[in-house]
Each structure stands twice: as structure tokens, then as C-alpha cells.
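Novice: Here it is, the structure in full.
The values are calculated or read from the model by the stated rules, or taken from the named source; none is laboratory data. Here the structure is a predicted model, which means the values were calculated and not measured. With ideal geometry, Cβ positions are generated from the backbone for all residues, glycine too; neighbour counts draw on all protein chains shown.
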Protein chains: 2
Amino acid sequence: MSEKKFNVAVVGATGAVGEAMLSILAERNFPVDNIVALASKRSEGTSVLFGNKTLKTKVLDDFDFSDTDIALFSAGGSVSEEHAPRAAAAGAVVVDNTSHFRNEPDIPLVVPEVNPHAIAAHNGIIANPNCSTIQMVVALKPLHDAATIERINVCTYQSVSGSGRKAVDELASQTASLMNGKDAEISVQPKRIAFNCIPHIDTFQDNGYTREEMKMVWETRKILEDDSIAVNPTCVRVPVFYAHSEAVHIETRDPLSADQARKLLRKAPGVTVMDKQEPGGYPTPGEEGTNRDDVFVGRIRDDISLDDGRGLNLWVVSDNLRKGAALNSVQIAETLIKEHLGTLGRAA
Amino acid sequence: MSEKKFNVAVVGATGAVGEAMLSILAERNFPVDNIVALASKRSEGTSVLFGNKTLKTKVLDDFDFSDTDIALFSAGGSVSEEHAPRAAAAGAVVVDNTSHFRNEPDIPLVVPEVNPHAIAAHNGIIANPNCSTIQMVVALKPLHDAATIERINVCTYQSVSGSGRKAVDELASQTASLMNGKDAEISVQPKRIAFNCIPHIDTFQDNGYTREEMKMVWETRKILEDDSIAVNPTCVRVPVFYAHSEAVHIETRDPLSADQARKLLRKAPGVTVMDKQEPGGYPTPGEEGTNRDDVFVGRIRDDISLDDGRGLNLWVVSDNLRKGAALNSVQIAETLIKEHLGTLGRAA
């Protein structure tokens, strides 16, 4: 890491992801010179934590980014649409955690373990992928390199924190209501989520898939730089607070055994293999998945529905607020500094 | 239905499924002459409900089945292993809800909407399939008839009641503990289930799949009477009390569109299609799935990862204690009476 330091802005600092960004910047000793927490006018002056320092949020609308080196955005697509180009024009490099710019051909979509080289092509904005996609491609990258993935059937088990802090509160309050014999009040999710599963995340598209499902199709291809990969997802919200889980069934061009996959994954950056075929010998979101940086992979096994050795199943668990959002954004910023901004920062 | 009446025994009457069997026999006006609730010596004399009648359980061990016409077993595989052949030898027809006899070639494995004709070949024992398989084959039967299913990728979201009443209590008590800032005590499931997902149901097999997963492979083939169907399941326990959900991705020999599938499913026995592409327009286990007889199907859509129209996705929800166990057993008994035992019962 360079000895230079950087002025950093976190946009959406009062949200679940913004809060995680500040905490991760501090815990990783990101080379911060000055840090600014930005939020809407409504949240002006709210206290947020950066390590053991307290920051008061400033208002995004009239913030001047000309002194900012790196701006981490996570305040919703419409906020990014309006303010990210403004920040980039003022000279900041934006790492945007919303879906707004992800599919634009000239904007890199980056998972540092998978396609760090894509950062080089940025024009001031780098997109952070969707949480469900990030953890899947981290696990699939070494397998794709070894055997070329042709098709993916994936079913997700996504935690409520993916819908933000209000959804975390909703699961807690609905659970408490039901445990006390009261009706559950529905506010964030489209149906009751306590003790339930909802096969619907983001909006429905004309083809019958949800936008969350289509993100896994579009983003997987862009990040793995292979438009021939076919992806068939079903995305489901489950009553878990933090960490997403995914049952990933892949089909490869070349044969790839579970043993080979396990070996490749044990060496893969950002991956922890947890795969004993015994009770507890696999990752779960509520235990291994929460508040951890790595993508956890278990239940690695040959697909018995294909008899040519070209199918493999995996169970992939990761913290959606960390690796699925805030951590990945910070890692993009770290890579950016290391590879591209090293000489541009401020003297330490 | 015949005017004759029958002597019925429910074995495992104090369990979650046994209790549901008694309740369903009463609510469907099953032609019962005399009914006996059987349980272990430990539960002798326990009161159980049959409609608004209270029954005291008798002890299975020394019960003489020679006066029993139909015995519904749901007290675990080892109990069925010991006592089902004894009941059958005494002249009763056993409908067994455990996995013990399911894979024996000369024992019919029956879902009445799918393969009622298989009952004819029974030799005193008819097996009731696994809950996850039942709801899937009810939804898939009309699609298999229309387009021949070749391969199934399925991921399950299974409720804790599939592990019995103690697992229902465990989810409630773990949830209460966590909501009150205490540690969750683990007793039934292999890991904490409250606010968590566990990719492990039943025991691990040598091929890396769990026995629950292999049941979906073996039983689907037997019930659909087609050993060429390839099935690739991942079975996961989720923090839901009642009803299992399944994301089912099928590949067919002949093209089958989502529109065609929707039409076929609307006419299919035991199926309710709930498939509007809008918030709430799909079934969920905690709402539509609980305490209902039908298998609910939604999220019907063409698989975009296959470009030849031979792939389809479905979301299938059903009450695992009712259609997945007790109701299916009672329906087998009803079919048995209607088709085979009509003249053998007792005068009404």
C-alpha cells in the first residue's frame, strides 16, 4: 500500500452499507487523510462511527467533491445517478454500490479477487456488483478458469439486511409480534418475512424474472468477461438478518470433479472452504456468514444428474453487507490506490 | 366413497404427523367404524383429538391388528420395520409414512394425484413418499405427461416441522432466546436454525448428497415411473414453522412454454396456480402454504439459460405435514377403499 493518504467521502453514511463502509475503512487502516460522511438533508448532523471517532454527517446535495480523491456511494440508484457524475467531474474516483451504472459498457464492474484489471479502464466511476453476484463469482472464478462454466442454476437464500436497515427492524418486529400472538405488520418486504420465504426481490421484469435474478445473469457475465455463460437464478428472501446463502449448480465445458474443485477453492483468494460431510461441516449464514470477510464454500459435490463429470454443486455463504457491498467497495478502492493512484495521493 | 366403514389405527398418534392424520381423517369424514390411536409405551394413555372426540392412546407393542382394516404408520422407520409387516400379516393394509419401505420394488410408493394405479400391486404395505418429493411430483406430473421431464435442478426451503414437534419447539425457543439477547440452545437441528439456514437434512451419503436429497432422486423416479429422470437437489432447512418451498428448474425433452405449463397446472388435480408477476402474486410457506391441502405453484417462467424452449422454472409451496405427509396418507387410504376395499368394509 502506498504511503500517500487520500481524502475519502462516504455517501449514504447513515445506511446499513454506509455504516459498514466506515467501519471497514477504519478496521483495514485505509490510508485516509480526511474523511467525510455524507447523507441526505434529513440526516444532516447525524453521528456516525469511523473506528472510535465520531463523524457528523454533512449534506450531499451541496457538497463540493473537488477536494475528494475517492467517493464510496451507497445511497440508492437515483442519488448515484445525480451525484456520482458530479463527483467524478470534480476529480474524485467514485466506487458506486448501486445498480445504476453496472450495465454501462464503459463502466468497470469489479470484484477485486476476480477482475481487478478492469479498474484500469475507469472514467471516474467504478461499479460495485450486486451482493448475490459478488459471492457467487468469487467462488466460481477458479472453477471457470479451470473448466469453463457454461451454465449456472442458482437459488438464493438472501438475508433481509440486503433491503437495508428498515428491513432488519421489520424482521425483528414481525418476529416479536408473532411470538407474542399478535399480527405481523408488513412495511418493507412485499409479504410477511418472519418465519416465511418470499420468492421476490426487486421488481418483476417482462420475462417473468425479477430484477435481482437478472442482475445475477448480467453481472456474472460482465465480471467473468464471458457473455456465453448461461445463468438461471431463483432469488428468495429468507428470515435471516445477515449473510446470503446460495445453492449453486454449475455445468462446465470440461470435466471438473468435486475433489479438484475443493483443491482449487482452497487456494482461491477470499474463499474459505468448509466442507466436511458431517453435521455442522458446512457454512451457515447466521454463524460463519455474519461479520466475516471471506466467501465460505461447502457442500461441494459432483452433480449426479450429469454422468459426464461436467456438473458440480456448491453451497456459498457470505456477509452481504461486507463482501457483498461495503468490503468489496473498499477493496476496489484499495486496488485502485495500489495500481493506479499510488503517486496521486497526499503526502502522509 | 363406499358406504362401508373401516377400522382404522393411527400409529405414532402423539407425533406432529399422527396428530394431523387424526385431524384430517375427521375433517374429511373418513368412513371410520372404530379408530385406535397407537403410540409407544411411554405415551400410553395420552389424550389425542379425533375431530371433537378425545382418544386415549394404546400401546403399539402388544396391539393386535387382526381387527384393523387400515393402519396409518408415522412413528419412525424402526417402528415401521418391526410393526408394519406384523400389521399387514394380521390383515390390515398399512400406509407407511416413513422412508423404510419406499425403495423396495414390490412396495407401491403413491401420490394419489400422480400414480394411484400403483396401489393395486400392494401386498399389505403402501409407502407414503417424502414430503419434499410429494409436492414436487404433484406439480411436475402434468408437465412430465406433456413434455417429458429429463432433468430437474431443485433447491428446497424446508420448514422445521419436517423434523417433528420438537423441532417446532426448538425454532420457537431459539428465536425467543436470541430476541432476548440470550444464546440459542441447539437440540434437534445440527446447527442453530433461528435466523439461519442449514444445508443438511437427514444423514450424509457417500456421494456427498444427504439422504433427504437422495430421496428426491429415488422417489421422483419411482412415482413418475421413469428411471431416466435425472434429479440434482440441494435440500436446506429454513426458519419457517410449517410448509416447504421449492425452486424447481426443469429441462424437458419437448419444448414447453410457461404459458402452456400454467394452463396445464390450472387443470391439474391438487394444484393451485398463484402466479401474478407482481408483489405478493406468488405463494409463500407462512401464508398460503400453511394448513392448506393444495400444492401452490407460482413464479412459472421460461428458463432463459436454455434457448430452445426446453427449460422451465417453478416455485412450489405446500404444507409438509398435510400434503407432504398426513393428507397424502389419508388420500392413499381413500383411494384404496374406493378402488380396492369397497366391498370388504364393515356395514355402515
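Novice: Which number in (1) closer than 30 Å to B:LEU256 by Cβ; (2) not in a helix (DSSP H, G or I) marks the one condition that B:ASP145 misses?
Specialist: Condition (2) is where B:ASP145 drops out.
Novice: All but one of (1) in contact with an Asp or Glu (Cβ under 6 Å, 6 or more places away or on another chain); (2) away from chain A (no Cβ under 12 Å) hold for B:GLU150; which doesn't?
Specialist: Looking at each condition in turn, B:GLU150 falls short on (2).
Novice: So, one more: When you look at A:ASP307, is it out of contact with any Phe, Trp or Tyr (no Cβ under 8 Å at 6 or more places or on another chain), at pLDDT below 95 and either among the aromatic types (Phe, Trp, Tyr) or in a loop (DSSP other than H, G, I, E, B) (or both), yes or no? Working first, answer last.
Specialist: Working: out of contact with any Phe, Trp or Tyr (no Cβ under 8 Å at 6 or more places or on another chain): yes; at pLDDT below 95: yes; either among the aromatic types (Phe, Trp, Tyr) or in a loop (DSSP other than H, G, I, E, B) (or both): yes.
Against the criterion (out of contact with any Phe, Trp or Tyr (no Cβ under 8 Å at 6 or more places or on another chain), at pLDDT below 95 and either among the aromatic types (Phe, Trp, Tyr) or in a loop (DSSP other than H, G, I, E, B) (or both)), A:ASP307 qualifies.
Novice: Scan region B:22-80 residue by residue and report those that are in contact with a strand residue (DSSP E or B) (Cβ under 8 Å, 6 or more places away or on another chain), surrounded by fewer than 16 Cβ atoms within 10 Å (Cβ to Cβ) and in contact (Cβ under 8 Å) with a residue 12 or more places away in the chain. Walk me through it before giving the result.
Specialist: Taking region B:22-80 first, the residues in contact with a strand residue (DSSP E or B) (Cβ under 8 Å, 6 or more places away or on another chain) are B:22-23, B:25-26, B:30-41, B:44-50, B:54-60, B:63, B:65, B:67-75, B:79-80.
Pick out the ones that are also surrounded by fewer than 16 Cβ atoms within 10 Å (Cβ to Cβ) and you get B:33-34, B:41, B:44-47, B:49, B:54, B:56, B:59, B:67.
Selection gives B:ASP33, B:ASN34, B:LYS41, B:GLU44, B:GLY45, B:THR46, B:LEU49, B:LYS56, B:VAL59, B:ASP67.
Novice: If a residue has to be more than 9 Å from chain A (Cβ to nearest Cβ) and closer than 14 Å to B:TYR157 by Cβ to count, how many in region B:184-212 make the cut?
Specialist: 2
Novice: Read through the list (1) over 30 Å from A:THR14 (Cβ atoms); (2) surrounded by fewer than 21 Cβ atoms within 10 Å (Cβ to Cβ); (3) touching a residue at least 40 places away in the same chain (Cβ under 8 Å); (4) not aromatic (Phe, Trp, Tyr), then give the number of the only condition that A:GLN277 fails.
Specialist: If we test A:GLN277 against (1) over 30 Å from A:THR14 (Cβ atoms); (2) surrounded by fewer than 21 Cβ atoms within 10 Å (Cβ to Cβ); (3) touching a residue at least 40 places away in the same chain (Cβ under 8 Å); (4) not aromatic (Phe, Trp, Tyr), just (3) comes out false.
Novice: (1) facing chain B (nearest Cβ under 9 Å); (2) under 30 Å from A:ILE70 (Cα atoms): which one isn't true of A:GLY324, the others all being true?
Specialist: Every condition holds for A:GLY324 apart from (1).
Novice: Is there a residue being charged (D, E, K, R) and either in the same structural domain as B:LEU312 (by TED's automatic domain parsing) or closer than 25 Å to B:LEU60 by Cα (or both) anywhere in region B:175-184? Lay out the reasoning, then the answer.
Specialist: Initial filter on region B:175-184 (charged (D, E, K, R)): B:182-183.
From the residues that got through so far, the ones that are either in the same structural domain as B:LEU312 (by TED's automatic domain parsing) or closer than 25 Å to B:LEU60 by Cα (or both) too are B:182-183.
Yes, region B:175-184 has at least one match.
Novice: Only one of (1) over 22 Å from B:THR98 (Cβ atoms); (2) modelled with pLDDT under 95 fails for B:ARG28. Which number is that?
Specialist: (2)
Novice: Ok, one more. Which one of B:SER23, B:SER80 is farther than 22 Å from B:ILE119 by Cβ, at pLDDT 95 or above and out of contact with any helix residue (DSSP H, G or I) (no Cβ under 7 Å at 6 or more places or on another chain)? Working first, answer last.
Specialist: Working: B:SER80 fails: farther than 22 Å from B:ILE119 by Cβ.
Just one listed residue meets the conditions, B:SER23.
Novice: Quick check on region A:244-261: of everything there that is more than 11 Å from chain B (Cβ to nearest Cβ) and touching a Lys or Arg at 6+ places or on another chain (Cβ under 8 Å), which residue is surrounded by the fewest Cβ atoms within 10 Å (Cβ to Cβ)?
Specialist: Top of the filtered list is A:ASP254.
Novice: How many residues are without any contact (Cβ under 8 Å) to a residue 40 or more places away in the chain, touching a helix residue (DSSP H, G or I) at 6+ places or on another chain (Cβ under 6 Å) and crowded, with 22+ Cβ neighbours inside 10 Å if we restrict to region A:99-125?
Specialist: Count: 1.
Novice: Just name the residue that is nearest to the other protein chains (Cβ to nearest Cβ) out of those in region B:310-321 that are closer than 26 Å to B:LEU256 by Cα and crowded, with 24+ Cβ neighbours inside 10 Å.
Specialist: As a first pass, look at region B:310-321 and keep what is closer than 26 Å to B:LEU256 by Cα: B:310-318.
Subset that is crowded, with 24+ Cβ neighbours inside 10 Å: B:311-318.
On the way: B:GLY311: 7, B:LEU312: 10, B:ASN313: 6, B:LEU314: 9, B:TRP315: 5, B:VAL316: 10, B:VAL317: 8, B:SER318: 13 Å.
Across region B:310-321, the extreme among qualifying residues is B:TRP315.
Novice: Something else about it: Suppose we filter A:ALA258, A:ALA268, A:ALA243 for residues that are in contact with a helix residue (DSSP H, G or I) (Cβ under 7 Å, 6 or more places away or on another chain) and within 16 Å of A:ALA147 (Cβ to Cβ); which single one remains? Walk me through how you get there before you give the answer.
Specialist: Values: A:ALA258 fails: in contact with a helix residue (DSSP H, G or I) (Cβ under 7 Å, 6 or more places away or on another chain); A:ALA243 fails: within 16 Å of A:ALA147 (Cβ to Cβ).
Residue meeting the stated conditions: A:ALA268.
Novice: What is the one condition in (1) closer than 13 Å to B:THR156 by Cβ; (2) in contact with a Pro (Cβ under 9 Å, 6 or more places away or on another chain) that B:PRO285 does not satisfy?
Specialist: Result: B:PRO285 passes all but (2).
Novice: Given B:ASP106, B:ASP169, which one is more than 14 Å from chain A (Cβ to nearest Cβ) and among the acidic types (Asp, Glu)? Talk me through it step by step, then tell me what you get.
Specialist: Details: B:ASP169 fails: more than 14 Å from chain A (Cβ to nearest Cβ).
Within the list B:ASP106, B:ASP169, the selection yields B:ASP106.
Novice: Among all residue pairs at least 6 apart or on different chains, which show Cβ distances below 6 Å where the first residue, located in region A:214-242, is within 11 Å of chain B (Cβ to nearest Cβ) and among the charged types (D, E, K, R) and the second is buried (at least 24 other Cβ atoms within 10 Å of the Cβ) and outside any loop (DSSP other than H, G, I, E, B)?
Specialist: A:ARG237/A:GLN158; A:ARG237/A:ILE198
Novice: Assess whether B:ALA176 counts as being assigned to a helix (DSSP H, G or I) and either within 9 Å of chain A (Cβ to nearest Cβ) or in contact (Cβ under 8 Å) with a residue 60 or more places away in the chain (or both). Outline the logic, then answer.
Specialist: Details: assigned to a helix (DSSP H, G or I): yes; either within 9 Å of chain A (Cβ to nearest Cβ) or in contact (Cβ under 8 Å) with a residue 60 or more places away in the chain (or both): yes.
The answer is yes for B:ALA176.
Listed here are the residues, each with its yes/no results for (1) in a helix (DSSP H, G or I); (2) assigned by TED's automatic domain parsing to the domain that holds A:ALA20; (3) not hydrophobic (A, V, I, L, M, F, W, C).
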site	(1), (2), (3)
A:ARG221	yes, no, yes
A:PRO233	no, no, yes
A:ALA261	yes, no, no
A:LEU264	yes, no, no
A:THR272	no, no, yes
A:ILE300	no, no, no
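Novice: Only one residue in B:ALA146, B:ALA84 is surrounded by fewer than 22 Cβ atoms within 10 Å (Cβ to Cβ) and out of contact with any Lys or Arg (no Cβ under 8 Å at 6 or more places or on another chain). Which one?
Specialist: Numbers: B:ALA84 fails: surrounded by fewer than 22 Cβ atoms within 10 Å (Cβ to Cβ).
Step by step, each of B:ALA146, B:ALA84 is checked, and only B:ALA146 is surrounded by fewer than 22 Cβ atoms within 10 Å (Cβ to Cβ) and out of contact with any Lys or Arg (no Cβ under 8 Å at 6 or more places or on another chain).
Novice: Checking the structure you have, find out if any residue of region B:317-331 is under 28 Å from A:ASP206 (Cβ atoms) and under 25 Å from the mean Cα position of the chain (by Cα). Can you show your working first?
Specialist: Taking region B:317-331 first, the residues under 28 Å from A:ASP206 (Cβ atoms) are B:317.
Checking the rest, the ones that are also under 25 Å from the mean Cα position of the chain (by Cα) come to B:317.
Yes: region B:317-331 contains one or more residues that are under 28 Å from A:ASP206 (Cβ atoms) and under 25 Å from the mean Cα position of the chain (by Cα).
Novice: Residues in region B:290-309 that are within 23 Å of the chain's Cα centre (by Cα) and more than 9 Å from every other protein chain (Cβ to nearest Cβ): how many?
Specialist: If we filter region B:290-309 for residues that are within 23 Å of the chain's Cα centre (by Cα), which is where we start, we get B:290-300.
Now narrow it down to the ones that are more than 9 Å from every other protein chain (Cβ to nearest Cβ): B:290-297.
Total satisfying the criteria: 8.
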